[in-house]
Amino acid sequence: MSAKSLAFVIADDPAYLPWLEAALGSSVQFTLAQPQDASELLRRLQQGGKFDLLFCEFEDYNAPERAALVEAVADRLPDLPVVAMGSSENAATVLTAMRAGVRDFFVLKRDDTKLAAQVGKLLRRLGAASVVAAASSGQGRVYTVMGAQPHESIAFLGVHLAQAFAERIKKGERVLLIDAAMPAGAASIFLNLSPNYSVLDAVNDVHRCDATLVDTAFTKHVSGVHLLSLPEEGLGRPAVSEDNFGRLLQVFKSLFSVVIVALDGQAGTPLLRAAIAQSTRTVLLTDQSILKSRQSKYLLRALRLEDTPLDSSALVVDNYRRRLGLEPQNLAELFDLPLLATLSSEGVARIQAMNSGESMFAIAPKDPYCDGVRRLALSLATGETTAVEAKNDGLLNRFFR
């Protein structure tokens, strides 16, 4: 930490200033104030010289008001890092602070020993932020799994793809699963998780989403996969801003190595277009039924009519069975998409996995579905496709006229 960093402190309790001075020593010069509103705070920050830090007290009774102050600072002075302090680590208060945009949260008289080290690390990291952002922004890969209609198979594939990628990534890299498909909350159920922070929260927080928010608010599975899903208890499909969703995926490219997005056609073409535009590859998931195949055809037609770029899209046929008549190669030719994979499973292993909150990798590691998903993840990562050279089946043509 550089000599004489300037820090602005907002605190009602007079105990915070001597606590900060004792922890940070003579390396920081503090200015203590109790601004009445955001405009006064911004005026004092802008007139008081170039501050390196803003410390802000968050307590249970004043968290909403302090969050409004921090949000105002983030909007007008985005390069000024804000650090929260509190007398207790109430989960709701910490989350309010993090969602407002603070970089860290320290508890009075508990975090004395780590305060100096963490603040020093924060300043060093922020000092190089522009270089890091330029080097890392956009490096993450987004893969979208979409189905024509709501079905649990979309989230189920998303869960297993995310875990397959988590098995392959390097140490320090991260994988995120965004389950925005219906039925709502399917991925969290399949992973036996109860998230407090949802896709809707993240979309609303897109302008304040950073690594600190990820570490504090996002749910993480034992496999290492981070999860954002729709609230399970919601009735009906919630509205999601396609603009903010697209921006959120851009942010996640700099925070995660791999992002898996699960969506269905009823989300609407604007949201699907936003996801596809950010995706390295897109998978259309269907099966050998006439119903899903026709619905998939109509979804692709709607996307193509809106000039959605589908050149990086491919077909995956789920629950494949031989001799059903609708062969994957024929479906791929009719959809004008390359066939990337066929997935199948034996017996009741899939429903057992869904009900137990365990993955197929855990309860049925030798099931063909496990090998199929891992091969699919490898194909997505390497950009491989399978050439389709099948002739149209006469019976199939009658279904798709």
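Quick notes on this one:
- Residue match in the range 43-54 (condition: touching an Asp or Glu at 6+ places or on another chain (Cβ under 7 Å), part of a loop (DSSP other than H, G, I, E, B), farther than 25 Å from residue 117 by Cα and free of Cβ contacts under 8 Å to residues at least 60 places away in the same chain): no
- Odd one out for residue 324, checked against (1) among the hydrophobic types (A, V, I, L, M, F, W, C); (2) open to solvent by less than 20 Å² (accessible area, probe 1.4 Å); (3) without any contact (Cβ under 8 Å) to a residue 40 or more places away in the chain; (4) farther than 15 Å from residue 148 by Cβ: (2)
- Complete set of residues in the range 327-373 that are of a type in the set (S, T, N, Q) and either open to solvent by 40 Å² or more (accessible area, probe 1.4 Å) or under 14 Å from residue 296 (Cβ atoms) (or both): 329, 330, 342, 352, 355, 356
- Every condition in (1) open to solvent by 10 Å² or more (accessible area, probe 1.4 Å); (2) assigned to a loop (DSSP other than H, G, I, E, B); (3) of a type outside the set (Val, Ile, Thr) is met by residue 304 except one, and the failing one is (2).
- Listed conditions (1) among the acidic types (Asp, Glu); (2) surrounded by fewer than 17 Cβ atoms within 10 Å (Cβ to Cβ); (3) at pLDDT 90 or above are all met by residue 57, apart from (2).
- Conditions (1) at pLDDT 90 or above; (2) more than 17 Å from residue 180 (Cβ to Cβ); (3) not aromatic (Phe, Trp, Tyr); number of the one not met by residue 274: (2)
- Qualifying residue in the range 182-202 (condition: farther than 22 Å from residue 349 by Cα, open to solvent by 50 Å² or more (accessible area, probe 1.4 Å), polar (S, T, N, Q) and out of contact with any Ser or Thr (no Cβ under 6 Å at 6 or more places or on another chain)): yes
- Scan the range 74-97 for residues that are farther than 16 Å from residue 11 by Cα and either open to solvent by less than 10 Å² (accessible area, probe 1.4 Å) or in a loop (DSSP other than H, G, I, E, B) (or both) and the total you get is 7.
- Among residues of the range 73-87 that are touching a residue at least 24 places away in the same chain (Cβ under 8 Å), those with a Cβ under 8 angstrom from a residue that is charged (D, E, K, R) and part of a strand (DSSP E or B), sequence gap 6+ or separate chain, pair up as 83/104; 84/57; 84/104; 85/57; 86/57.
- The conditions of being more than 26 Å from residue 290 (Cβ to Cβ), modelled with pLDDT under 95, of a type outside the set (D, E, K, R) and in a helix (DSSP H, G or I) are met by residue 352.
- Considering each residue of the range 108-126 in turn, none proves to be part of a strand (DSSP E or B) and modelled with pLDDT of 85 or more.
The values are calculated or read from the model by the stated rules, or taken from the named source; none is laboratory data. All values reported here derive from a predicted model rather than from experimental measurement. Cβ atoms come from the backbone with ideal geometry, glycine included; neighbour counts cover every protein chain shown. Remember, those area values only see protein heavy atoms, side chains included, never the ligands or the DNA or RNA. Shrake-Rupley method; radii C 1.70, N 1.55, O 1.52, S 1.80 Å.
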